[in-house]
1. So which residues in segment A:90-139 are more than 10 Å from chain B (Cβ to nearest Cβ), in a helix (DSSP H, G or I) and among the polar types (S, T, N, Q)?
2. Count, please, the residues in segment B:112-142 that happen to be closer than 20 Å to B:Ala233 by Cβ and exposed (fewer than 12 other Cβ atoms within 10 Å of the Cβ).
3. Kindly evaluate A:Ala149 against the criterion of being in contact with a strand residue (DSSP E or B) (Cβ under 6 Å, 6 or more places away or on another chain) and within 16 Å of ligand 2 (Cβ to nearest atom).
4. Could you identify the single residue in A:Ala87, A:Ala20 that is within 10 Å of another protein chain (Cβ to nearest Cβ) and within 29 Å of A:Arg175 (Cα to Cα)?
5. Go through segment A:1-43 and tell me which strands (runs of 3 or more DSSP E), entirely inside it, have 1 or more residues that are of a type in the set (A, V, I, L, M), within 16 Å of ligand 2 (Cβ to nearest atom) and modelled with pLDDT of 90 or more.
6. Yes or no: B:Thr182 more than 14 Å from chain A (Cβ to nearest Cβ), of a type outside the set (Phe, Trp, Tyr) and either crowded, with 18+ Cβ neighbours inside 10 Å or in contact with a Leu (Cβ under 6 Å, 6 or more places away or on another chain) (or both)?
7. Of everything in segment B:251-287, what is part of a loop (DSSP other than H, G, I, E, B) and β-branched (Val, Ile, Thr)? Give them in sequence order.
8. Within segment A:23-32, identify whether any single residue is among the hydroxyl-bearing types (Ser, Thr, Tyr) and in contact with a Gly (Cβ under 8 Å, 6 or more places away or on another chain), and answer yes or no.
Amino acid sequence: MNQKAVEVIGVSKNFGSYQALKSISFDIRSNEFFTMLGPSGCGKTTLLRMLAGFESPDTGSILLNGREVVEIPPHKRRVNTVFQSYALFPHMTLEQNVAFGLENLGWQRSRIRSRVGEMLERVHMSQFATRKPAQLSGGQRQRVALARALAPEPEVLLLDEPLSALDLKLRQAMRDELRMLQRDTGITFVFVTHDQEEALDMSDRIAVLGGGEVQQIGTPTEIYEEPVNRFVADFVGETNFLPVEVLEAAGGMATVRTPFGQLIRVSAPAGVTKGAATLSVRPEKINLGDQAPATAFPAQVVNKNYMGGYTHYLLSANGTEFRASRRNASREGDTIPVGGTIAAGFAETSARVLLA
Amino acid sequence: MTDSAHHGPVTATAPRARAPGFWHNLAFWGLLPSWLLMGVALLLPILIIAAVSVATRGAYGGFEWGFDLSGYRQILFNEGWTGELEFTPQYLVIILRTLALAGVTTLICLAVAVPVAYHIACQPPRLKAALVYLITLPFWVSMILRVYAWMIILGRDGPLPRFLEFFGAHAGLSFMYNDGATLAAMVYTYMPLMVLPVFASIEKLDGTLIEAAHDLYGNRWVTLRRVILPLTAPGLISGAILVFVPSLGAVLEPSLMGGGKQMMMGSLIQLQFSGGRNWPFGAAIAMTLLVFVMIVLLLIARRATAKESTA
Ligand SMILES: Nc1ncnc2c1ncn2[C@@H]1O[C@H](COP(=O)(O)OP(=O)(O)O)[C@@H](O)[C@H]1O
Ligand SMILES: [Mg+2]
C-alpha cells in the first residue's frame, strides 16, 4: 500500500519577482492523511492549487498516480478540493451541489441519486437535502462541501485550511470527523493548515513548509521530537534554544556542553559539526523540583504563569533564560514562588542539536 | 459568503404597547411628501395619457374628454367610408418592427456587454474604476449630438467610408439611412445601460465558485451554463430591461439614422401628437406599449421571486 498518489518533482513558482516556491520535491503516499504545515504566505495554497490544476508550476512536474498532470486542466483531474470558503453553489440545493460533480462525470441518474443520499447521510446532512447553502451554519456548509468533494471518489482530496473558519469547539469535532472519513474512505487526503496542533492531531505524515521550501517531512512524532532545524522546532510547538558547544559529533549523536555546565550526549541530525550550535529542549521536558533528574542544576524562577492544569515558568541559570512547564499533578503542585530557586533538569534523550 | 447569522427569517419583534393613532404615525407623515411627489411626477402623466387614449378625437385636432375606444380600434382596424371595419396590418407591422429592432438591439448589447463587463471585472481596482467611468462617459454628452456624430462617422465622406476607400472601396460610399445605421446608433446609445448592471453582477460573482465548477469536472460550457449564467442572471435581466424598454420608444435613431424610412412606434406616437393631430390614437398606442412592457416585467418579476422561494 505504499504507492505514490502524488509526486511533486522540482516544482518552483514565481509571482513577479517574488519566489513563492523554490524547487520543491516530495511524495504523498496512497491512502495517507498528508498535511502541508507552514506559516501563512509560505506557499501552501499555491502548491495545493497546482495539484488541483488552477495554477501551473514554472518548472518541475507533478504526477498523480504516476501520470504527469501539469498540462491537464482541473476538470480532467481525478482530484477534488474542499475550498476554504466552501464555495458551495448558492443557487443549488445541497443535493444538487453534491450531484454536480457526478453529473459531469456522466453517472447514471439512479446511481447519482443513491450516491448523493449516501454522502449526505455520511456527513449527517440528510434532513437538509433540499435546502440551499445560505440556510446553513458554517459547520453544516463545511460538511456539505466535504460530501460534494468526496462523492465522485477522487484519487486525492485537497483541503485548504477547511477548519479555520469554524469556532473552536466545532473545529475539534470536525478534526475527528475528517480523520474518520479519511480512514473509512481510504482516499488520499492532502490537508493544508498553519495550525500545528491540527497537523499533529490528524496527520499520518506532515511536510513542514517555510520560505518556499520543504523544511522537513515526517510523522507527527518525528516532526515534534526530532525537528531537523531551528525553523521546524520553532514553528511546531514551543521550545528552548540553548547555545551549546559541540565537542564531538558522529553517527547521529553529539557530545555537547550546555550553558549550565553539563556535558551530555544528545541526538543530532546529519551535518552537525564541532563548534557552536543550538540545542532544542521542549519546556514540558524540563523537569522541576522533585520531578527533576539526578543531572539537575539549580535555577531561579524569574516569572510564572499559572494555567490551572499546568504552570509555565520562566527560569534562569548561569545567565541563560529558558522556559519549563510543569503539570500540576496534585493540589500542592504549584508551590514554587517567583524569585525562589528550584532544581531543573532534562533527560539527554529529550534534547536535540539543531542545524542552523 | 455572508455569515449564517444574517440568514433565516427575520421575525418582527417591535414592541406594540398601543396602536399608534393616525395623527401620531410619524412614518406616514414623514414619507407623505415623497409619496405625493412620486404620485404626481410618475403616476399623473400616465393617468392623463390613459384618459386621453379613451377620449374622442376633436374635429380639428385636439380631443374632448369622454369614453371612446376608437383610438385602440384604429391600431388594428380601419374604418371605411361606410363605417365598416377593415383589418389593416399597417400599424401592427410598425409595432412588430419596433419590437424586432428593440429585441435585436438588446441581443447585440448583451453579446457585446458580457465579455466587456467580464474583462472590466478582471482588472485591478483602479483600472476597473477608470473603465467603468469611461463606459458612462457618453451620458455626459447630449444624445442628439451623439447621434449627429454617428451620422458624420457613417455618412458620405465620413471617417468610416474614407477609411474603407483607403483600402480600395469606391468613393462616395455612405452607410447612412438604413436599418443597419439605426441599429448601430441604438446599440451605441444603450450599451452603457447593459454593461453597468452586467458588470455589477459579474463582479459580485465569487471566482472560487467557477473554480469549484471546474474542480467538479465541469468544462467551460457546463460552468457557464450551470454556474455563471444562473448567478449573473439578475444583472443580465436588468440590463436587458434597461435596453429593451427605452429601445421600444426610440425616436431619434430611426428618424435621423434610418432617415425616417422605416416608421417606428416612437415616431408614430410623436406624429399623432404633432402633425397627425390624433391624440387619442397616439395615447392608445402609448398605453398599448405600456401594458405590453408591464406584462413582460411582471412575468420576469414573478419568475425571479418564484426562483428565490424554491429553497
Ligand atoms: N496570484 C498571485 N499573485 C501574486 N502573488 C501571489 C499570488 N498567489 C500567491 N501569491 C503570493 O505567494 C505567496 C504564497 O501564497 P499562498 O500559497 O497563498 O500561501 P499560504 O497558503 O501558505 O498562506 C504569498 O506571499 C502570496 O502573497
Ligand atoms: Mg493559504
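The values are calculated or read from the model by the stated rules, or taken from the named source; none is laboratory data. The model shown is predicted, which means the values in this text are computed figures rather than measured ones. So basically every Cβ, Gly included, is an ideal-geometry build from the backbone, and we count neighbours across all protein chains shown.
1. A:Ser110, A:Ser114, A:Ser126, A:Gln127
2. Within segment B:112-142, residues that are closer than 20 Å to B:Ala233 by Cβ and exposed (fewer than 12 other Cβ atoms within 10 Å of the Cβ) number 1.
3. Judged against the criteria, A:Ala149 is not a match.
4. It is A:Ala87.
5. A:18-29, A:33-37
6. Against the criterion (more than 14 Å from chain A (Cβ to nearest Cβ), of a type outside the set (Phe, Trp, Tyr) and either crowded, with 18+ Cβ neighbours inside 10 Å or in contact with a Leu (Cβ under 6 Å, 6 or more places away or on another chain) (or both)), B:Thr182 qualifies.
7. Scanning segment B:251-287 gives a single hit, B:Val251.
8. yes
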